[in-house]
1. Looking at region 515-530, can you tell me whether even one residue there is open to solvent by 40 Å² or more (accessible area, probe 1.4 Å), modelled with pLDDT of 90 or more and part of a strand (DSSP E or B)?
2. Part of a loop (DSSP other than H, G, I, E, B) and either surrounded by 15 or more Cβ atoms within 10 Å (Cβ to Cβ) or modelled with pLDDT of 85 or more (or both): is that true of L629 in this structure?
3. Do we find that N104 is assigned to a loop (DSSP other than H, G, I, E, B), crowded, with 22+ Cβ neighbours inside 10 Å, of a type outside the set (D, E) and touching a Gly at 6+ places or on another chain (Cβ under 8 Å) in this structure?
4. Which of the residues spanning region 152-188 are touching a Lys or Arg at 6+ places or on another chain (Cβ under 9 Å) and more than 27 Å from F257 (Cβ to Cβ)?
5. Restricting to region 152-207, what's the tally of residues that are in a strand (DSSP E or B), of a type in the set (G, A, S) and surrounded by 19 or more Cβ atoms within 10 Å (Cβ to Cβ)?
6. Restricting the first residue to region 336-350 and requiring it to be acidic (D, E), which pairs with a second residue that is part of a strand (DSSP E or B) and open to solvent by 40 Å² or more (accessible area, probe 1.4 Å) meet a Cβ separation below 9 Å and a spacing of at least six or different chains?
7. Sort out for me the strands (runs of 3 or more DSSP E) sitting completely within region 537-623 that have 2 or more residues that are farther than 24 Å from E499 by Cβ and at pLDDT 80 or above.
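The values are calculated or read from the model by the stated rules, or taken from the named source; none is laboratory data. On a predicted model such as this, the values are computed, not experimentally measured, just so you know. Here the Cβ is made from the backbone with ideal geometry for all residues, glycine too, and neighbour counts use every protein chain on show. Calculation scope for accessible area: heavy atoms of the full protein, side chains included, ligands and nucleic acids excluded. Shrake-Rupley method; radii C 1.70, N 1.55, O 1.52, S 1.80 Å.
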Amino acid sequence: MKRILLSALWVMVVAATPAWSQSIDYEGLASLYDEPVTAGATGKPQRLSDVPVSMEIITRQEILASGARDIPELLRRYTGVEVARTFQSHADLSIRGYNQLLANRTLVLINGHQVYLDVYGTVFWHSFAIELQDLEQIELVRGPASSLYGFNAELGVINLITRTPHKIKETRLTAEIQEPEGSRLALSTPLRLSERFAVRLSAGREESEGFENDDLPDGRVPVEDSLERTAFSAEAHWLADATTDLLFHLGYNDNAFDVLGPGASRGKQATEQFFFDLNLTNDTEQGLIQVDLQAYNSEVTFDTLRFGGTQNVPPLESEFRRAALANLFSVSPKHVLRLEGEFRRSAVTFTAPTDRFERELSIQTLSFSAMWHVQLNTRAAWNTSARFDHWKSTRSTEINALDPVVPVNDAPEPGGEEYSYSTAINWKIGTQSNLRFSFSHGHHIPSLIELSQDFRFTQNEAYGNPFLKPEGLSQLELSYTHTFGTNRHQLRLNAYVGEGENIIEPAVFLPFPGQNNLADFTFVNSADTEHYGIEAELLWHFADPKIDVRLNTTWFDLEDTPIEPYGVFNRLEDNQINHRANLTVDYHGKQSLLQSELYWVDNYRFSATSLNVPPVLQGEQDAYTVWNLHGSRRFSSHWRVRLSGFNLLEKHREVPTLTFINGFRTGGIELERAYRLTCTYTF
């Protein structure tokens, strides 16, 4: 036993930062410490009770037991997570407010590698090449985390960690049918080629017809709430020797789904993506050194009906390249440091209909970061981190704008220097309670489309804004966790206050006589903000019968100060959801599992920022309640069957119907009841 404990302690000191977090034996350490282990909060491996920030870990058992259709549905039950499902096949997710169409303030990673699309500055949840059944755990960090993960982690981080190929011993085949008409097939299988080399192969195919569009008349909306997705991935792990290992991951995803974009443009988006990740770690006398390489290429097309006219957006071809070198080392038993240098390049190439040549816009970023963890005593630990980003952009041609919403012809190439930082302390009060205090600042560098896109169509014009300033969010948080009872029930309380600078929003420009008769849109720094929030959660665990109950509620408020002249007619504070509550109950039988999920969301007003007149896009979203029910049973060591029902209480929208001045209607789909039967065969 002593030998096992020493081995575990060694892993906790020298194992992975987020980028090589896959090297941690999560299952073994969780069993040893009777709680999950993570490197996602600070960059240093820690038990969940030791992390200094507000964080959730969703284990593999919880992922496999869930009847969730996608990552947003899976995370919806957790405190602070805000999900707005515009279509059955698409949802926008944010952490602690500021949600919007094509949400862009929460950074999503797979094994510490970015899957956030720089071209749009957002995440498309069905564009991942992995399947839910490939995941080992999901780490959810609340609050700004740019100092550890880089820009765009303004509100938090979601890190999806896959299973290490060496640990996989079974092949898993999942088949699924649903009503309305749809199906899914997923396969994951290991190949152990030697004692030191193992591979995981994964593939998935999904089709869905979705819900009808009867609420939007005249048949003018070219979407059917449908989804098509095909994905393949291969992940290899080579243990070169006792101190060196290599992780290698490549994949392909081809998908088409419906989406509600900036300006409430409603249409079908198709994305084709290739990606490649390489991670080399070497345990040396100088510390644990990591080399990290990442590359992906994608092509995005968007066909839409907007403001009553048909648009076929030209293909956007984008690429992302990243190289990083990091070292995690201990200078004494109580002090651990991590240093990292990183270079990344994002580029998009597009052709506007009036152009005879392609244009390219790229952003290059050179970054340096440091993390310092101090174990103050047996009860208290302090962690601080800082990051410096130097970024610049280049474009291949001059911007062509004849009558732009913003004057872009003489705009300089955007660039600058940004700083992010975080400091946090975790104090254990006795053996049952933890008090956490943190202060952090993160930032969002404008995406490629937000900066300098110029599309010219017959019906409308869409412009990026090269004058955009990066936005920043700061947050001060106090958290308290208390564990009580023989079954380890928990009470969790989080309170935070923060402010934002130069918040970026899509903005609608209403035309005047003499211009085209339909609206244009661009992006603007619309407001500075102050926000406040309280999160409360109770977890009950009962042994006989085995029942887990999770009850949480979130209160959030935002006040804004408009930046002239763009905030005159619309207030960001009106667009926020102030209250939400979740109740989930999981009943565990010997061979069965029954899960009930009840989500309540308060009413709010949805509107788009207008540049010259009162909002042209505005609608009241009623409060709604979602009830999902899942039942599963294991019939043998190989077979498990699950039946799921979604939206069982009522039809509802999570984004309201909006009406333009010409009578054209758009908005989110009305979500109806849906049923899904899932069969899983493991061998």
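1. Scanning region 515-530, I find at least one residue that is open to solvent by 40 Å² or more (accessible area, probe 1.4 Å), modelled with pLDDT of 90 or more and part of a strand (DSSP E or B), so the answer is yes.
2. no
3. yes
4. Those that are touching a Lys or Arg at 6+ places or on another chain (Cβ under 9 Å) and more than 27 Å from F257 (Cβ to Cβ): T164, P165, H166, I168, K169.
5. Of the residues in that region, 7 qualify.
6. E340/L325; E340/F368; E340/A370; E342/A323; E342/L325; E342/L366; E342/F368
7. Values: elements: 546-562, 579-588, 592-601, 604-607, 618-621.
Counting at least 2 such residues, we get 546-562, 579-588, 592-601, 618-621.
Residues checked against (1) modelled with pLDDT under 90; (2) outside any strand (DSSP E or B); (3) closer than 21 Å to F124 by Cβ:
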position: Q311; (1), (2), (3): yes, no, yes
position: S318; (1), (2), (3): yes, no, yes
position: E340; (1), (2), (3): no, no, no
position: R356; (1), (2), (3): yes, yes, no
position: L361; (1), (2), (3): yes, no, yes
position: S369; (1), (2), (3): no, no, no
